[in-house]
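K.L.:
First the structure, then my questions, so here it is.
The values are calculated or read from the model by the stated rules, or taken from the named source; none is laboratory data. Everything quoted here is computed from the prediction, not taken from an experiment. Cβ sites come from the backbone with ideal geometry, for glycine too, and all protein chains shown count toward neighbours.
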Amino acid sequence: MNKPTLLFNFSDHTSWSSTHVQTVLGNYFNLTFYEDNKVYDKASTIIVTNCLNSTNRWYDKFYHDGYAVVVDGTWEFLNRYKHNFINYPNVLLHSIEKWFWYHDALYFISQGYNKYVPNKKIVKKALMPLGRIKPIRDVIIAHLSDCLPEMIYSYHGKQVYLPNDIIYDTGYNWMRYINPDWYNSTNFSLVIETEVDFTEANDVFVTEKTLKPLAFCHPILVIGQPGTLKKLNEFGFETFSEQFDESYDNTSDLLQRMNIVIDNFNTFEKVFSVTEEKINYNHNRFYNIDLITDGIYRDLVAPILNYAETKH
């Protein structure tokens, strides 16, 4: 049986066009990039665009000619970008709640980060990386001000960097660059998630910010949406109720959640042995290639194939 073709465009980057993802997708699809004046077989070609793409409608002619068009919403809170495709009712708008796990595990493996072994030399209590400026992050940072001297932290948008970090605007991989010393010199990660309150649909949006510490053998405290830890449990990961008061995950008020997180931060003394067991479990699960490839087939490949079949 011939494989269908996923057609990408260099000017319309998606998370599925990354090399480390395409090593998996290539088992099920021919992967190619759009060329002007080239004819593509309608029956076997699936057009791929990014949900953020509201201006470069290179896929428009294909859509109106009846091609299958799939919108990659796996890196974003998709409900906020559906309006970009309101005039394209027959596209497949696709999101995957575990995508940051699948994507980042493949990228970290490609960089050899899965071989990380902790070599602890504690300098500060916690690690807290932050990237772009957001008003809510400014509020949270101000609330955490008394904790900051005991952290290694960054805020790239305000030119605050981790030791030996790479700079914010040097390209795609700066968000996923890892220096093992950051994890070796701290006990746990304090995560400020992309979403810290309820979304429009009350969906819980878990990103690399929460998952990355699990990949690098850190317990976590999370300032995120209510239910973030519960969602991690649904993914099959362990959280650290023996180490921290995790009642903040069930607390709807953001200020109360932050206060419980700060109390946890202030009372932390050492990592317990049962926490070490969970750390190892999470690390191994994060990099379990069978779970990742099976998940990509189930959550990405199969829905695309099923959708494409309805078009022809």
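K.L.:
Would a scan of region 290-297 turn up a residue that is modelled with pLDDT under 95 and of a type outside the set (Asp, Glu)?
P.N.:
Within region 290-297, not a single residue is modelled with pLDDT under 95 and of a type outside the set (Asp, Glu).
K.L.:
Working only within region 265-289, note down all residues that are over 17 Å from Leu190 (Cβ atoms) and within 20 Å of the chain's Cα centre (by Cα).
P.N.:
Within region 265-289, Tyr281, His283, Asn284, Arg285, Phe286, Tyr287, Asn288, Ile289 qualify.
K.L.:
Return yes or no: is Phe77 within 22 Å of Arg285 (Cβ to Cβ), among the hydrophobic types (A, V, I, L, M, F, W, C) and under 16 Å from the mean Cα position of the chain (by Cα)?
P.N.:
No; evaluated as a whole, the condition is false for this residue.
K.L.:
Considering (1) of a type in the set (A, V, I, L, M); (2) touching a Cys at 6+ places or on another chain (Cβ under 8 Å); (3) assigned to a loop (DSSP other than H, G, I, E, B), say which one Val271 fails and leave the rest.
P.N.:
(2)
K.L.:
Specify which of the listed residues (Tyr28, Tyr40) is part of a loop (DSSP other than H, G, I, E, B), without any contact (Cβ under 8 Å) to a residue 60 or more places away in the chain and within 19 Å of Tyr307 (Cα to Cα).
P.N.:
Matching residue, one of Tyr28, Tyr40: Tyr40.
K.L.:
What number goes with the only condition from (1) closer than 17 Å to Tyr107 by Cβ; (2) modelled with pLDDT of 95 or more; (3) polar (S, T, N, Q) that Ser185 does not pass?
P.N.:
For Ser185, the failing item is (1).
K.L.:
Quick one: how many residues across region 295-312 are exposed (fewer than 14 other Cβ atoms within 10 Å of the Cβ) and either β-branched (Val, Ile, Thr) or part of a helix (DSSP H, G or I) (or both)?
P.N.:
Qualifying residue count, region 295-312: 5.
K.L.:
Suppose we keep only residues that are of a type in the set (A, V, I, L, M, F, W, C) and within 21 Å of Asp60 (Cα to Cα) within region 1-30. Which one would you say is surrounded by the fewest Cβ atoms within 10 Å (Cβ to Cβ)?
P.N.:
Phe10
K.L.:
Does any residue in region 60-89 that is at negative phi come within less than 8 Å, Cβ to Cβ, of a residue that is basic (Lys, Arg) six or more places away or on a different chain, and which pairs are these?
P.N.:
Asp65/Lys42; Tyr67/Lys42; Tyr67/Lys311; Ala68/Lys311
K.L.:
Further, regarding this structure: Output the number of residues of region 45-59 satisfying the condition of being surrounded by fewer than 17 Cβ atoms within 10 Å (Cβ to Cβ) and either of a type outside the set (Val, Ile, Thr) or in contact (Cβ under 8 Å) with a residue 12 or more places away in the chain (or both).
P.N.:
Summing the residues that are surrounded by fewer than 17 Cβ atoms within 10 Å (Cβ to Cβ) and either of a type outside the set (Val, Ile, Thr) or in contact (Cβ under 8 Å) with a residue 12 or more places away in the chain (or both) in region 45-59 gives 4.
K.L.:
Follow-up question, since we're still on this one. How many residues are out of contact with any strand residue (DSSP E or B) (no Cβ under 8 Å at 6 or more places or on another chain), under 25 Å from Phe198 (Cα atoms) and either crowded, with 16+ Cβ neighbours inside 10 Å or among the aromatic types (Phe, Trp, Tyr) (or both) if we restrict to region 85-111?
P.N.:
Here the count works out to 9.
K.L.:
Val39 fails exactly one of the following numbered conditions: (1) loosely packed, with under 12 Cβ neighbours inside 10 Å; (2) within 30 Å of Glu195 (Cα to Cα); (3) β-branched (Val, Ile, Thr). What is the number of that condition?
P.N.:
(2)
K.L.:
Which one is nearest to Ile262 (Cα to Cα), of the residues in region 92-111 that are part of a helix (DSSP H, G or I) and touching a Lys or Arg at 6+ places or on another chain (Cβ under 7 Å)?
P.N.:
It comes out as Asp104.
K.L.:
Name, by its number, the condition in (1) crowded, with 18+ Cβ neighbours inside 10 Å; (2) over 19 Å from the mean Cα position of the chain (by Cα); (3) within 30 Å of Ser44 (Cβ to Cβ) that does not hold for Ile292.
P.N.:
For Ile292, the exception is condition (2).
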